[in-house]
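**Student:** Have a look at this one before I ask anything.
Just so you know, all these numbers are worked out from the coordinates, no wet-lab data involved. What you see is a predicted model; the values in this text were computed from it and never measured. Methodologically, a virtual Cβ is constructed for each residue, glycine included, from the backbone with ideal geometry; neighbour enumeration extends over all protein chains shown.
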């Protein structure tokens, strides 16, 4: 389906921790609510292809995370996982969406998974695309560093990033080229759409990405892994964990993380990298559409293991 077939979503605003945050609403307010939560350095309009497929049966809402898209940048550079989770909690609370169905990608998936462990009664079911964060191997590497090393590294990176000016592109075509470089699986239509909604024009006529450079800087500490696993075990809703076979992300069925989920199905999709919902949209939707309706995960789909 072309992204131009129907009218687009309406822009809305809500507030969280004094930040003015943006989301788009695809209408159909009497239908069951469904949230689409994007990943890092992305924006809410990356879900347009998925939203158009779901809007007839669902009240689809897609937020821009703080520091991303058309949401306000954090004045204190607070891009902690706790902050992101609070923003999601506020959106669900203020719009009275619970119990809600959620689809999250990458960072958005990690936010969704942890929220589902904190408020299991508020989540009907969810899909997480590569949303479990660091692999066990990466966790070991991070744990090997002392707190002194972590703090000094974070301070240096924060200082350098705060002085880094957003990259400026002479034209939309130049930014479009950069988008294509980042994901070779994207069609020209997808890449152009993501670019047009992901950039703004500067006063001098150049173009820059909308996200705050400081969202790249990870805090020197997170929830302890044992606490994260407690949240994973506390999830009561059915969940679908989706991975791309060509992605860098570690498969939880092989690295041991799958054991912490009581009612989760794990699938891997061939021909897809980290952005599974772009790389293999049709296969992704064949899995997601029945699952969010409460049906079992389809078995035997080509390219799905």
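**Student:** Can you list the equivalent-ellipsoid semi-axes of the stretch 190-305, largest first and in whole Å, using the square root of 5 times each Cα gyration tensor eigenvalue?
**Tutor:** 31, 23, 13
**Student:** Of all the C-alpha pairs in the chain, what % are more than 28 Å from each other? The partial results should precede the final answer.
**Tutor:** Numbers: 17498 of 46360 pairs.
That tail contains 38 percent of the Cα-Cα pairs.
**Student:** Please say if the stretch 68-201 is rounded, prolate or oblate, where rounded means a/c under 1.5 for a ≥ b ≥ c the square roots of the C-alpha gyration tensor eigenvalues, and otherwise the choice is prolate for a/b larger than b/c and oblate otherwise? Mind showing how you got there, number by number?
**Tutor:** Values: a/c = 1.62, a/b = 1.12, b/c = 1.45.
It is oblate, given that a/c is not under 1.5 and a/b is not larger than b/c.
**Student:** Rg (Å, one decimal) plus Dmax (Å, integer) for the alpha carbons of the stretch 133-264?
**Tutor:** 19.4, 54
**Student:** Also, quick follow-up: For residue 156 and residue 76 in one chain, what is 0.36 nm times their gap in residues minus the Cα-Cα distance, to one decimal in nm? Could you put the intermediate results ahead of the total?
**Tutor:** Values: separation 80, 0.36 × 80 = 28.80 nm, distance 1.64 nm.
Residue separation times 0.36 nm, minus the Cα-Cα distance, leaves 27.2 nm.
**Student:** Then there's this: With an 8 Å cut-off on Cα pairs and a minimum separation of 6 or more residues, tell me the relative contact order of the stretch 74-193 in percent. Before the final figure, lay out each step's value.
**Tutor:** Numbers: 82 pairs, mean separation 20.3, N = 120.
Relative contact order, the stretch 74-193: 17 percent.
**Student:** Please give the peptides 48-56, 100-108 ranked by average Cβ packing (other Cβ atoms within 10 Å per residue), highest first, as a rough proxy for protection. Walk me through the intermediate numbers first.
**Tutor:** Details: 48-56: 19.3, 100-108: 26.3.
Order by mean packing, descending: 100-108, 48-56.
**Student:** How far, in nm, would the chain grow between residue 289 and residue 172 when pulled straight, counting 0.36 nm per residue and subtracting the alpha carbon separation? Spell out each step's value before the answer.
**Tutor:** Details: separation 117, 0.36 × 117 = 42.12 nm, distance 3.38 nm.
Length gained between residue 289 and residue 172: 38.7 nm.
**Student:** Over the Cα atoms of the stretch 19-143, what is the Rg over Rh ratio if Rh follows Kirkwood?
**Tutor:** Details: Rg = 14.3 Å, Rh = 14.7 Å.
Taking Rh as the inverse mean 1/r over Cα pairs, Rg/Rh reads 0.97.
**Student:** Going 7 Å from the Cα of residue 229 along its beta-carbon direction, which residues of the stretch 143-186 have the amide nitrogen within less than 17 Å of the resulting point?
**Tutor:** 143-144
**Student:** Here is a follow-up. Once you have the alpha carbon radius of gyration of the stretch 110-187, what is it after dividing by 2.2 N^0.38 Å, with N set to its residue count? Please list the in-between numbers first.
**Tutor:** Numbers: Rg = 18.9 Å, N = 78, 2.2 N^0.38 = 11.5 Å.
Normalised Cα radius of gyration, the stretch 110-187: 1.64.
**Student:** Follow-up question, since we're still on this one. Take the alpha carbon gyration tensor of the stretch 255-296, find the square roots of its eigenvalues, order them as a ≥ b ≥ c, and report rounded if a/c is under 1.5; if not, report prolate when a/b exceeds b/c, else oblate. The partial results should precede the final answer.
**Tutor:** Working: a/c = 3.11, a/b = 1.21, b/c = 2.57.
The shape class here is oblate.
**Student:** Over the Cα atoms of the stretch 192-233, what is the Rg over Rh ratio if Rh follows Kirkwood? Walk me through the intermediate numbers first.
**Tutor:** Details: Rg = 17.8 Å, Rh = 13.7 Å.
With Rh from the inverse mean 1/r over Cα pairs, Rg/Rh is 1.30.
**Student:** Report the label-to-label distance for residue 12 and residue 259 in nanometres (one decimal), using points 7 Å from each Cα along the Cα→Cβ vector.
**Tutor:** 4.2
**Student:** Separate question: Taking Rh as the Kirkwood radius, which is the inverse of the mean 1/r over Cα pairs, what is the Rg/Rh value for the stretch 37-85?
**Tutor:** Details: Rg = 12.6 Å, Rh = 11.9 Å.
Ratio of gyration radius to Kirkwood radius: 1.05.
**Student:** Does the stretch 224-280 come out rounded, prolate or oblate, given a ≥ b ≥ c as the square roots of the eigenvalues of its C-alpha gyration tensor, rounded meaning a/c under 1.5 and, failing that, prolate meaning a/b above b/c?
**Tutor:** Values: a/c = 2.47, a/b = 1.85, b/c = 1.33.
Prolate, because a/c is 1.5 or more and a/b exceeds b/c.
**Student:** Hey, another quick one. Which whole-number percent of Cα pairs in the stretch 197-263 have a distance greater than 16 Å?
**Tutor:** In whole percent, the long-distance tail amounts to 70.
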